Amino acid sequence: MAEEKIISKKKEKEINYRDLTTCDATIQMLEKAKRDGVETAFDRAVNMKACPIGADSACCKHCAMGPCRLNAKDPYGKVGVCGATIDTIMARNFARMVAAGSAAHTDHGMAMLDVFREVVQGHITDYKIKDVMKLEEVARSIGIETEDRSTEDIAMDLYKELERTYTQVDGEIPFAMRVPEKTLETWRKSGIVPRGAMREIMELMHRSHMGVDQDYNNITKQCSRTALADGWGGSMVATEISDILFGTPVPTVAEVNMGVLKENMVNIIVHGHEPNLFESMLSSVNEPTLIEASKQAGAKGINVVGMCCSGAEMLGRHGIPHAGNFMSTEAIIVTGAVDAMCVDVQCIKQGLVKVGECYNTPIYTTNPRCKIEGATHIELHENDPRACTDEVVIKAISRFKNRTHPVEIPNITNVGIHGFSHEYINYMLGGTFRASYTPLNDNIINGRIRGVAGVVGCTNPRVKQDYVHVELVKELIRNDVLVLQTGCSQISLAKAGLLTPEAAHLAGPGLSEVCETVGMPPVLGCGSCVDNSRILIAASAMVRAGGLGNSIADLPAVGAAPEWMSEKAICIGQYFVASGVFTVFGATFPIVQDTKFHKLLFEGLEQQGFGKWGFAVDPYEMAKMMIAHIDKKRKALGIDKARERVLLDMSDRRQMEAG
Ligand code: NFS
Ligand code: SF4
């Protein structure tokens with residue numbers, strides 16, 4: 001599979017950046033970087049031949065008798081020194097990715113929960129409970145009494161309950177109560193309802209150690225359990241607590257792309273994942289004395305913009321502009337206009353520091369978990385977050401005053417609507433008085449909407465940036481599939497202008513009719529990667545609303561991460577699959593085809609009542625697979641005929657209108 005790459009890698013150093021990305025702003029900056037003699041991940045990807053054995057996951061270095069390299073062309077021709085088969089080796093490698101991905105999301109969620117506890121106990125005063133209604137809803141959803149109780153009492157109970165998501169030794173995590181019954185039953189039968197994330201990750205690390213679990217079936221079970229501890233655990237807690245502390249997103253008009261930088265302002269980028277840094281930065285840049293200081297320095301003011309998932313969350317919560325996704329983080333520094341890049345955790349390329357040095361843009365790390373050699377560390381302490389973010393602003397102002405490099409900002413911005421929380425989708429489709437998912441289900445049952453797809457995840461320099469995301473989503477909506485988005489993928493589509501109600505004309509007749517009636521875009525931006533949990537909640541709500549089967553696996557719903565690169569993405573994929581969703585990945589898949597482990601992930605899991613994995617590099621092939629799956633589910637539900645009728649009806653009507 002490693003050979004099936006979208007970009008043909010050239011031996012010679014001459015790179016045409018148009019082959020590597022469809023983002024015009026990024027191309028402009030990469031070309032400038034080339035003139036300036038500056039290198040980015042795009043250049044390094046061309047010059048770094050991916051190890052083919054590693055790409056197939058046919059290499060094990062879990063002990064010093066190895067590393068052992070098996071041959072993907074003859075997968076059963078050889079075993080490791082300890083006797084491990086290709087299936088064991090691949091399953092263990094896969095397990096380690098799931099464990100790392102789950103750890104990243106759950107550690108993020110736990111950090112949010114720490115902040116929440118300290119806020120509730122009054123030790124942190126810079127953050128507050130902003131959304132009491134959401135607090136009560138989340139509390140009720142896991143059986144906490146809210147009637148006639150103080151916000152503090154409810155919040156403390158919620159804290160104690162949610163702490164179990166991480167620390168619980170035995171029993172089911174609290175949000176298991178949100179899982180549709182039949183889905184939960186499938187998990188229970190397989191013994192994969194997560195206990196606490198710490199326990200699941202620990203056990204998965206243990207079992208994938210040399211000489212422990214050497215049955216790929218059994219390893220896969222613990223992969224599912226650990227991944228579910230992320231999706232229905234760590235990530236879901238991160239989303240819900242962030243909403244409670246900082247507000248539940250509602251549709252908000254916002255700008256994306258590099259044009260959101262302003263030459264005459266102090267530009268600060270916040271990049272990473274945890275909203276507490278960004279919230280504090282917002283407070284700092286609105287501080288009158290700091291604004292005044294920026295003016296003293298000759299700027300028109302302070303301009304804060306987001307990147308990656310930090311930014312994706314701020315789009316829907318506050319309408320803060322977003323400068324670009326993962327593969328644009330180095331390129332944007334090339335503008336020379338970035339006076340500070342402030343980061344916390346995850347998806348932060350070490351290469352940023354070097355590019356920053358070339359353009360006199362300092363990178364500020366703020367989280368004790370993430371320091372980078374050559375970056376300046378200014379730690380954010382939640383009991384006094386402004387100390388950190390004020391200092392970054394002051395330093396940025398001084399960098400503005402002493403800008404040494406000519407500034408070139410690509411003059412491109414794209415306006416779109418972001419912030420479709422599952423609460424809002426409910427409200428939007430159901431109306432004020434009967435908020436529910438029933439109208440969505442009705443439109444699926446009557447065939448106007450063929451099905452629902454979650455298209456999410458990273459960008460990756462091994463595929464043409466944004467291209468697969470955009471083409472896939474266009475193809476899906478053209479076929480009446482409603483698309484929900486998060487993370488870097490959402491930014492790809494926002495740049496392509498599809499997060500607007502006007503994009504409804506690109507949708508098929510059924511979906512466009514629904515979009516026009518409701519006034520919504522055919523592509524709904526739901527937030528950051530942890531906000532994939534919103535998609536899980538929406539899927540559960542669809543099951544509960546009725547008419548589309550009894551489990552998530554029955555829904556005409558699919559998922560995709562077409563340009564994935566991170567271990568977090570693999571974990572997300574596994575929790576979608578374990579939740580019952582057919583999930584297609586692009587770029588590359590770290591498993592050898594025609595092996596037993598491959599068969600299990602791509603077929604076997606579905607037979608056990610879960611979803612399954614899919615893989616395709618080409619966006620059109622990917623769309624075809626996803627639509628075929630949706631149609632299969634429609635058929636099983638007996639609603640395939642309704643769609644034919646509605647489409648016939650529509651073409652009649654159009655003919656009548658034309659005539
Ligand atoms: Ni998700 Fe967010 Fe982007 Fe990928 Fe990275 S920022 S958590 S991992 S690259 S979508
Ligand atoms: Fe080789 Fe087995 Fe050691 Fe892996 S665990 S490196 S397959 S001997």
Across region 109-114, in residue order, what do the Karplus-derived ³J(HN,Hα) couplings come to in whole Hz, using 6.51 cos²θ - 1.76 cosθ + 1.60 with θ = phi - 60° and x for Gly and Pro? x, 5, 5, 5, 5, 4
Peptide ranges 468-479, 623-634 listed from the most packed, as the mean C-beta count within 10 angstrom indicates: 468-479, 623-634
Which is farthest toward the positive dipole end of the chain among Val523, Val179, Ser57, measuring Cα position about the Cα centre, with Cβ charges +1 (Lys, Arg) and -1 (Asp, Glu)? Ser57
Within straight-line cross-link reach of Lys182, aspartates and glutamates at Cα separation under 16 Å, skipping those fewer than 8 residues along the same chain: Glu172, Asp554, Glu606
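Please list 285-291, 272-278, 401-407, 94-100 highest first by mean number of surrounding beta-carbon atoms within 10 Å per residue. Could you put the intermediate results ahead of the total?
Numbers: 285-291: 14.7, 272-278: 26.7, 401-407: 12.7, 94-100: 23.0.
Peptide ranking by packing, descending: 272-278, 94-100, 285-291, 401-407.
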Stick to Cα atoms and the Kirkwood definition of Rh, then tell me Rg/Rh for region 86-246. 1.04
Using the charge dipole of the chain (Lys, Arg: +1 at Cβ; Asp, Glu: -1 at Cβ; taken about the Cα centre), state which of Ile124, Val334, Ile291 has its Cα farthest towards the positive end. Val334
Given 114-123, 388-397, 327-336, the highest-first ranking by average Cβ count within 10 Å works out to 327-336, 388-397, 114-123
Report, ordered by chain and residue number, the lysines lying within cross-link reach of Lys401, taken as a straight Cα distance under 18 Å and ignoring same-chain residues fewer than 8 apart. Lys262, Lys295, Lys300
Expressed as a percent, the portion of alpha-carbon pairs in region 61-167 spaced more than 18 Å apart is 64 percent
Over region 252-401, the quotient of the Cα radius of gyration and 2.2 N^0.38 Å is 0.92
At 4 °C and 1.567 mPa s, grab the translational diffusion coefficient of region 491-630 from Stokes-Einstein with a Kirkwood Rh over Cα pairs, rounded to a whole number in µm² per second. 80 µm²/s
To one decimal place, what Kirkwood hydrodynamic radius in Å is obtained for the chain from all pairs of distinct Cα atoms? 25.3 Å
State the answer as a single residue: which of Thr459, Ile552, Cys370 lies farthest towards the positive end of the charge dipole of the chain, with beta carbon charges of +1 for Lys and Arg and -1 for Asp and Glu, about the Cα centre. Thr459
Over 5 Å intervals from 0, what percent of Cα-Cα pairs in region 407-485 sits in each interval? 3, 12, 16, 19, 19, 12, 8, 5, 3, 1, 0
Out-of-range pairs (alpha-carbon distance over 28 Å; input Lys221/Lys371; Lys130/Lys354; Lys34/Lys73; Lys221/Lys568): Lys221/Lys371; Lys130/Lys354; Lys34/Lys73
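Laboratory data are not the source of any read-out in this text; all were calculated from the coordinates shown. As the structure is a prediction and not an experimental result, all values here were calculated from the model. Here Cβ is always computed from backbone atoms with ideal geometry, including for glycine, and neighbour counts include all displayed protein chains.
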